[in-house]
């Protein structure tokens, strides 16, 4: 009977460890984590101003919903026929803008940075949701984080 008790204890320990590992891996898996739901709302007007050393593009978007700074930039590029070079970073769930209208980050130690209503942005452009009458400014300027 003692051999069976030792065997049973080992089986219970094995099962407990296995279940612990399963719970750990399931709880840390990115694919099972749910993103917060963003409430949809209507925006009748937002404005974007994109400025580099020798040009400025201004665009006003009307009657949109659930728009981010990235969405507004892409819409502006489409309407004004200029290119955007971007990379998506899954860890941040956001795009990083490498170039606008052939002006690339690092050229002349200048980088694309964006502001919302005059305030330097504290999130990625895909994570920054806009509200009514927001003014977005993309500036090609020396980095504020270096």
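List of remarks:
- Odd one out for residue 98, checked against (1) surrounded by 11 or more Cβ atoms within 10 Å (Cβ to Cβ); (2) modelled with pLDDT under 95; (3) under 16 Å from the mean Cα position of the chain (by Cα): (2)
- Residue in the stretch 59-73 that is without any contact (Cβ under 8 Å) to a residue 60 or more places away in the chain, closer than 22 Å to residue 131 by Cβ and assigned to a helix (DSSP H, G or I) present: yes
The values are calculated or read from the model by the stated rules, or taken from the named source; none is laboratory data. Just so we're clear, the structure is a prediction, and the values are computed from it rather than from any experiment. With ideal geometry, Cβ positions are generated from the backbone for all residues, glycine too; neighbour counts draw on all protein chains shown.
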